[in-house]
1. Tally up the residues in the range 162-182 that are more than 25 Å from Ile138 (Cβ to Cβ) and either in contact with a Cys (Cβ under 7 Å, 6 or more places away or on another chain) or assigned to a loop (DSSP other than H, G, I, E, B) (or both), please.
2. Within the bounds of the range 219-237, is there any residue that is crowded, with 22+ Cβ neighbours inside 10 Å, among the hydrophobic types (A, V, I, L, M, F, W, C), in the same structural domain as Ser79 (by TED's automatic domain parsing) and over 17 Å from the mean Cα position of the chain (by Cα)?
3. Somewhere in the range 181-198, is a residue on the phi > 0 side of the Ramachandran plot and either charged (D, E, K, R) or more than 29 Å from the chain's Cα centre (by Cα) (or both)?
4. Answer yes or no: is there a residue in the range 71-89 that is under 23 Å from Lys168 (Cα atoms) and assigned to a helix (DSSP H, G or I).
5. Filter the strands (runs of 3 or more DSSP E) completely within the range 377-442 down to those with at least 2 residues that are under 19 Å from Val359 (Cβ atoms) and either in contact with a helix residue (DSSP H, G or I) (Cβ under 9 Å, 6 or more places away or on another chain) or touching a residue at least 40 places away in the same chain (Cβ under 8 Å) (or both).
6. When the range 111-137 is examined, which residues are found to be in a strand (DSSP E or B) and surrounded by fewer than 19 Cβ atoms within 10 Å (Cβ to Cβ)?
7. Does Gly387 satisfy the condition of being over 24 Å from the mean Cα position of the chain (by Cα) and farther than 26 Å from Asn318 by Cα?
8. State all residues of the range 130-156 that are of a type outside the set (S, T, N, Q), over 29 Å from Thr258 (Cα atoms) and more than 30 Å from the chain's Cα centre (by Cα); if no residue qualifies, say none.
Amino acid sequence: MYRCSECDHKSAQWYGKCPGCGEWNTFIEVADSGLSKGKKRSKSSSKAYKIKELKTETEMRFSSGISELDSVLGGGIVSGSVVLIGGHPGIGKSTLLMQVSASIAMKRKVLYITAEESATQVKLRAQRLNCEEDDIYILADYSLQNIMDTLDNIKPNFVVIDSIQTLKSENVGTVPGTIGQVRECASTLTEYAKSNNIPLFIVAQINKDGNIAGPKHLEHLVDTVLYFDESRDYSFRVLRSVKNRYGPANELGIFEMTSNGLIPKDEHILVGTIKELPGLQLVVAMEGLRSLVTEVQTLVSETGFSMPQRMAEGFDRNRLLFLLAVLEKKAGIFFRNQDVFLNVPGAVRLSDPAVELGVCVSLVSSFRNMSVNPLDYVFLGEVGLTGEIRSVPFLDKRLVEIKRLGIKNVVLAKPVKKIKAPAGVKLEYYTSVSEVVRKFFR
């Protein structure tokens, strides 16, 4: 039996080039562990139950001690859950988990396993962050067998692995970081966490494309996948969930990196000093169950080229082209000889369709060089191909955030269900983009 050392592809014959991953000279001969022909299977002790016979228990959560992380996880850490956190080197993954470990160690026993640093280096970071709690145990080892022995001896209540790509199992004859090693180590650790009802946080390295390095199996195996990113001006960090079995996905947490570690920040940090300027508009997007207020900045200027430029940062370029076409066809605003630039400040990428009306207003505002005071009006609505404005979900949560900012007027499509506006907030209903353009840009 032959197996690829990169992707773990198995074959009965040797190949120079692996059919699975395309790498050359990666096949090694291994013993065939499969069932031989005619060999009987051992009897299983597993039993199937009727769904009504099963007893359900309320998931037990506890706080990580960091409010933004609890929010991203859906209300705290679930016992027995496995959380995968990825991000660029130096972005703050280890810093965050050391702070979480210190907070949890006040009531529970914590084991911090590092295969990238020495125990002394981890201690120096803990001293800098003022995280030297008595019940934090540090293990600097990359051997999976040694790690499992330590887990059995210490019996911790919370475990951190930093990082999964640096661990090595003796059962897989390849170097650390290969697909086979990552799969074996992750599966073994996850099985331990589930069987002992212990929360497990795993740090993962990312590749040049920004995805978690290793097999996709790794993300399917865990309960929650978090990505750490930074704002384009490097002033703060954004933690986003892309998968969560115990809460809503796409939740977002904001942190500021300081010499004393990561400090949770209010989402309004994404909103700068608001002034009444052409092309500047506030939008309210939903990130999971959180309403997020951020700026949209556009610049429309006459092009000096035969082909006008269309650039978008933090917003899908194809959606920008779609909105420009709707404004030309339905509102008579022609951008054919104009360069269009759109920017969403910070590390936020807007994917909520509810911001489309706000983007349209920002584009027309910059084109006409006429401003709409963003502290007077907020525009909520999805824009259709026919130019109609569609109602948006979670309107009550968006209106609460708008009231917090002191904005008095909201332009939107009439909702399906009647909704009561917060005190001091006026709702103005429109049916199409052309109506909004005629009203605010006569």
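1. Counting residues in the range 162-182 that are more than 25 Å from Ile138 (Cβ to Cβ) and either in contact with a Cys (Cβ under 7 Å, 6 or more places away or on another chain) or assigned to a loop (DSSP other than H, G, I, E, B) (or both) gives 6.
2. no
3. No, the range 181-198 contains no residue that is on the phi > 0 side of the Ramachandran plot and either charged (D, E, K, R) or more than 29 Å from the chain's Cα centre (by Cα) (or both).
4. Among the residues of the range 71-89, not one is under 23 Å from Lys168 (Cα atoms) and assigned to a helix (DSSP H, G or I), which makes the answer no.
5. Values: elements: 377-380, 409-412, 426-429.
Correct list: 377-380, 409-412.
6. Tyr137 - this is the single residue of the range 111-137 that is in a strand (DSSP E or B) and surrounded by fewer than 19 Cβ atoms within 10 Å (Cβ to Cβ).
7. Answer is no for this residue.
8. Asp149, Asp152, Ile154, Lys155
The values are calculated or read from the model by the stated rules, or taken from the named source; none is laboratory data. All values reported here derive from a predicted model rather than from experimental measurement. Please note: Cβ atoms are built from the backbone with ideal geometry, for glycine as well, and neighbour counts cover all protein chains shown.
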